[in-house]
Amino acid sequence: MSDKALRLGTRRSRLAMAQSGQVAEAVSRVTGRPVELVEITTYGDVSREALAQIGGTGVFVTALRDALLKGEVDFAVHSLKDLPTTQPDELVVAAVPVREDPRDVIVARDALKFTDLPSGARIGTGSPRRMAQLNAYARSHGLDIATVPIRGNVDTRIGFVRSGELDAVVLAAAGLNRIGRGDEVTDFLSVDTILPAPGQGALAIECTADNADLIAALAELDDPFTRIAVTAERSLLAALEAGCSAPVGALADLLADGQIVKEMRLRGVVGTTDGTRMVQLSTTGPVPETHDGAMALGRELAAEMLAQGAAGLMGERAQ
């Protein structure tokens, strides 16, 4: 590999630029080459429609992948939860770095916790997955909330709370941490209350499958445990035949005994957005040693969920 600058394709949002900047520094360290950010506008960035309406899966990814395939950038950084579950043959996810906090968080007025929100509180989120689980939790705990669909970047969303239009918004902890705004969180939602999106908090570093030198260099940033966990989560999502806008939550976590990782637990949930019908299951077993083992774990749990009626809760199946 030469000492020529590597071109990193990134979305233009503040969050994308922040996480791509962090990856650029790491890649520069392992390759000894400078890395320059190439900003790319994706369809998901310019469309004002709800994600579920514009196809959900891939709207933030396609333009970056096109740039990779045309040779306009050498590698790209994606939020893993935005990546479609089918991987094109010409591209490879060369690294999945150590995962950030996968939890969802609340930013509420008056520094309120979720359970302290007043009766009738308006909570903003653009995610059917969050709506389904918030509404189910509220229903089972006698809370009265209204989930309000919103879109926009972090500033826009938190702005709804600051202006008094909403009582709270739900965001991903990882995103706020990456842009240095973790101090605005008023409550962390336990994964026992709300399971995150498959792959939430993890990044994917993607390049072309024929670039062996770059694949080898980027592989130094890969975290095997994160990769195994997100592979199982995304396998569950794929087997449920759900696009990423469907109300599917999944989390694989490692169960350790002291310093020794013993087992992996995979949890999945799917539900109607009003929270009236939910299918939530989990499975625990040895940590998968291979990609295929992680894929199998996801498929097996999905099959159990489908057997309990999960498909009927997801609206139209993604084509």
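Of the set (1) assigned to a loop (DSSP other than H, G, I, E, B); (2) modelled with pLDDT under 95; (3) within 16 Å of the chain's Cα centre (by Cα), all apply to residue 200 but (2). The residue of the stretch 137-152 that is surrounded by the most Cβ atoms within 10 Å (Cβ to Cβ), among those that are touching a Ser or Thr at 6+ places or on another chain (Cβ under 8 Å) and farther than 14 Å from residue 171 by Cα, is 137. Based on this model, can you work out whether residue 84 counts as under 19 Å from residue 232 (Cβ atoms), open to solvent by 10 Å² or more (accessible area, probe 1.4 Å) and modelled with pLDDT of 95 or more? No.
When the residues of the stretch 240-264 are filtered to those that are modelled with pLDDT of 90 or more and surrounded by fewer than 21 Cβ atoms within 10 Å (Cβ to Cβ), the one that is nearest to residue 226 (Cα to Cα) is 253.
None of 3, 45, 66 is surrounded by fewer than 21 Cβ atoms within 10 Å (Cβ to Cβ), at pLDDT below 95, acidic (Asp, Glu) and within 18 Å of the chain's Cα centre (by Cα) except 45. When residue 180 is tested against (1) assigned to a loop (DSSP other than H, G, I, E, B); (2) of a type outside the set (Lys, Arg); (3) under 18 Å from residue 231 (Cα atoms), just one condition goes unmet, and that condition is (3).
Consider the stretch 168-186 and keep the residues that are more than 14 Å from the chain's Cα centre (by Cα) and open to solvent by less than 30 Å² (accessible area, probe 1.4 Å). The one that is nearest to residue 120 (Cα to Cα) is 168. Pairing each residue of the stretch 89-110 that is under 27 Å from residue 123 (Cα atoms) with any residue that is among the aromatic types (Phe, Trp, Tyr) and open to solvent by less than 30 Å² (accessible area, probe 1.4 Å), provided the two are 6+ apart or on different chains, yields C-beta distances under 9 Å for 106/114; 108/114.
Restricted to strands (runs of 3 or more DSSP E) entirely inside the stretch 85-141, no element has at least 2 residues that are among the hydroxyl-bearing types (Ser, Thr, Tyr). Selection within the stretch 270-290: residues that are in contact with a helix residue (DSSP H, G or I) (Cβ under 6 Å, 6 or more places away or on another chain) and over 29 Å from residue 149 (Cα atoms). The member of this set that is most open to solvent (accessible area, probe 1.4 Å) is 283.
The values are calculated or read from the model by the stated rules, or taken from the named source; none is laboratory data. These numbers were taken from a predicted model, which means no experiment stands behind them. Cβ atoms come from the backbone with ideal geometry, glycine included; neighbour counts cover every protein chain shown. Ligands, DNA and RNA are excluded from the accessible area calculation, which covers all protein heavy atoms including side chains. Shrake-Rupley method; radii C 1.70, N 1.55, O 1.52, S 1.80 Å.
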